[in-house]
Amino acid sequence: MVGARGQLVRAAQVGLALLLELAWLFAWSDAAGAWLAGGGRGPALPLSILAGVLMGMWLLATALLRRGPPLGVARTLLTVVTLGAMVGAGLWAAWMAEPRALQRLDWALLGESGASLRAVAAAALALGACWRGIALARRAQTMERAVARSQLGAVALGALLLLSLPPPLRDPLPLGTLTSAVLLALFAGLISLPLARVMELSESPRHAGAPPLQLTGPWLAILGGTVAALMLGALVLASVLTPDLLWHLLAPLGPVLGVN
Amino acid sequence: MFGQATLGVLILLLLISLPAHHTLLLLLSLTLLLAAGLSLLWREWCLRGVVYRRRFSTRRAAFGETVELELEIINRKLLPLAWLEIEDELPRSLPPSRGRVYPSHKADRALLNALVALRPYERVRRRYPIPCVTRGEHTFGPVQLRSGDLFGLVIREEQDAQTDSLVVLPRVVPLAELGLPVRNPLGELRVPSWLFEDPTRIAGAREYRPGDSRRRIHWPASVRAQRLQAKIYEPTLSHKLMVALNAHTAAAWWGFTSDAEALELSIMAAASIAAWAVSERYQVGLASNGFVASGSLQGVFEPCAAGRLDHLLETLGRLRSFAVRPFEAVLEELRPRLPFGAALVVVSAVVTPAIAGVLAALHRRGHPVTLLLVGDAAVPPGLDGSIVVRRIGPAAAWRTLPALQPAVEVGATAP
């Protein structure tokens, strides 16, 4: 696919990838903030900072890839910026949690107030954002990378939700943010996969010079509609499905399977 | 993405989330499980109802003509296809002038790739101009269709074995362009005696004799001569011409031809002679030891008939590059089947003593025989002085006719 339409699809791919990464990173940030502070203090790293670090790293890595400086220089620069982002995020989190401890450099107070843990969580999230930003900067948005990205998002969210299974850990979680993050990540992941496949096929040398694959409005509507319907169906099922209902539905299969 | 392990983990998550009443975990696992189910269903259904057709603007094309190949792809179902990859097999010698063609692992085959997206019940047509620069019966297909689910996670591949053929006729040129003389290019082909007359061909006029039909009076000649003149018709028996083509270019007849260029020049010469003869109102026939797909293993035999040039050219167009019998056997078989007085033009790149012997025998039976030698094969001494032998070549120059040398007359005149 060439021309303006191709550029548009490529931009959409990057946008969806950023959205997916941001969704699971922010879900973790929010959960970490809730767990570490016992609720009420917000995410470990706010959405704006997380998005800034992610996009900043993506832009920086993209620029470095395009300019093509020596690999060593690029690696050093990216490492320095990542470390800077981690330190900055940690300091910011500590400052927001307990500014007095930071002003006085009172380590005991930092530890007691839980600010140190928030700082560590913020630094870890900044590291994650930097890593994903750099990974996203690779120019070709291939199917393989899109699948890997979606898998990572699903695993990250799944792990977070599994961790929150015991009620003491689940109760402080901000459900609204988490639900939005899960829905956004799923939507972005499922939409980005077909786009990646179509772009990969269109840009394959086998089809060079052939009429390009048309990503028309109706096609995009079918794609968006199918994903939306799928998620809506899952939402409805998730809201009505209970163990009792499931056993009731599976009961007719009992005699067939030899289970009473 | 949705391998067995992943599906197992998702089902486990679903089973964990249900008793724990964890709606979000349930939502995540359910969405991914539904996506996996949809993906598998899509994979099963994606290629059902997909119709692939090839159409040529003509099934029989003249050499050098450009034929339009139209590929039609129809999605006869409600399920849309985000992408459909088509890999159609075609002869390497007939690449389309538009579109990308890749070599196939099969000998002499190429692959034409196309990529389309199909909405429900949508029909897509792609057109490819094909310059017909290689004679033969060319097979297009089978085609490999590849598509997948909406998410592009799984791929399904199917082969449509349906094939279509396009016959490219041999090149036909005026005999002069083959380097043959303009007057009597093939020597004297008509027998001197006649048994029957052809009233459509007037050879001249003579004095009117009592008993002559009034229809025979040649009025323009009578006016010029100031006395009654009668028409002289040409004998009909001299208007039968059998073109015999040796499909083998080496002395041994078995196996594939050793010189494809010589065979092409031979076929071009045979086609050009047939076209010339039809224009001269000969009834033309064709005999060859070449093989035509779905034809006889005894070679090709088309009896002399009027106005069948298209059929003869198609037969020559479909001729493969290997011989099924020794050429002398075909000529021997031809002997009793050749109408009395019919002329024989033999086109061959090789003349063995056996072939020369049969030609001499045919000549002795009263058939005017002309041998058109293609390339630089030696002429057996038995032919000298008995039949007309002309040589055309070099064989490699058949595509660029001006490079052909003027035909060399090897033998003596016909009786």
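Mind sorting B:Y128, B:Y282 by how few other Cβ atoms lie within 10 Å of their own Cβ, fewest first? Intermediate results must be reported in sequence, preceding the final value.
On the way: B:Y128 20, B:Y282 23.
In increasing order of surrounding Cβ atoms, one gets B:Y128, B:Y282.
Rounded to the nearest 5, what % of the DSSP beta bridges within the protein assembly as shown are antiparallel ones?
On the way: 62 of 85 bridges.
Antiparallel bridges make up about 75 percent of those DSSP assigns within the protein assembly as shown.
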Partner chain coverage, peptide A:198-209 - average Cβ within 10 angstrom: 4
Straight-distance crosslink candidates among aspartates and glutamates, where the alpha carbon sits under 19 Å from B:K240 and sequence neighbours closer than 8 are dropped: B:E188, B:E197, B:D198, B:E280, B:E302, B:D310, B:E332, B:E333
Likely footprinting exposure, B:W219, B:W42, fewest C-beta neighbours within 10 Å first: B:W219, B:W42
Principal axis dimensions, largest first and in whole angstrom, of segment B:50-168 by Cα: 46, 28, 23
Euclidean distance between Cα centres, segment B:44-121 to segment A:80-107, Å: 63
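Kindly provide the trypsin sites (Lys or Arg not before Pro) of segment A:106-199 that DSSP labels as loop, not H, G, I, E or B, and whose Cβ sees at most 15 other Cβ atoms within 10 Å.
Values: sites: A:R118, A:R132, A:R138, A:R139, A:R145, A:R149, A:R170, A:R197; in loops: A:R138, A:R139.
Answer by residue number: A:R138, A:R139.
Please state, to two decimals, what the Cα-based radius of gyration of chain A comes to when divided by 2.2 N^0.38 Å (N = residues).
Compared with the compact-globule rule of thumb, chain A sits at 1.23.
Between rounded, prolate and oblate, where does segment A:1-90 land on the alpha carbon gyration tensor, with a ≥ b ≥ c its root eigenvalues, rounded for a/c under 1.5, else prolate if a/b exceeds b/c? Intermediate results must be reported in sequence, preceding the final value.
Numbers: a/c = 4.07, a/b = 1.42, b/c = 2.87.
In terms of gyration-tensor shape, oblate.
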Relative contact order computed over chain B (Cα-Cα under 8 Å; 6+ residues apart), in percent: 13
Chain B: translational diffusion in µm²/s, Stokes-Einstein, Kirkwood Rh over Cα pairs, 4 °C, 1.567 mPa s: 50
Kirkwood Rh, angstrom, the protein assembly as shown [1 / mean 1/r, Cα pairs]: 32.4
5 angstrom amide H check on B:H138, placed H, neighbours 5+ away: B:L166, B:V167, B:V168
Span-rule helices in chain B, defined as complete DSSP H runs reaching 20 Å or more along the axis (Cα) with Kyte mean at least -1.0: B:4-20, B:23-45, B:260-279
Average other protein chain Cβ within 10 Å of Cβ, residues A:217-229: 3
Amide H partners (placed H, <5 Å) of B:A203, local residues excluded: B:I232, B:Y233, B:E234
Low-density loop cleavage sites - trypsin sites (Lys or Arg not before Pro) in segment B:204-243, where at most 14 other Cβ are within 10 Å (DSSP): B:R227
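Of B:V67, B:V346, B:V223, how do they rank once you tally other Cβ atoms within 10 Å and put the fewest first? List each step's numbers first, then the result.
On the way: B:V67 20, B:V346 26, B:V223 10.
Taking fewest neighbouring Cβ atoms as first place, the list is B:V223, B:V67, B:V346.
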Shape of segment B:4-45, Cα gyration tensor, a/c cut at 1.5: prolate
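Rule-based calculations on the coordinates, nothing more; no lab input. Note that the structure is a prediction, hence the values are computed from the model and not measured. In this analysis, Cβ positions are derived from the backbone assuming ideal geometry, glycine residues included, and neighbour counts consider all displayed protein chains.
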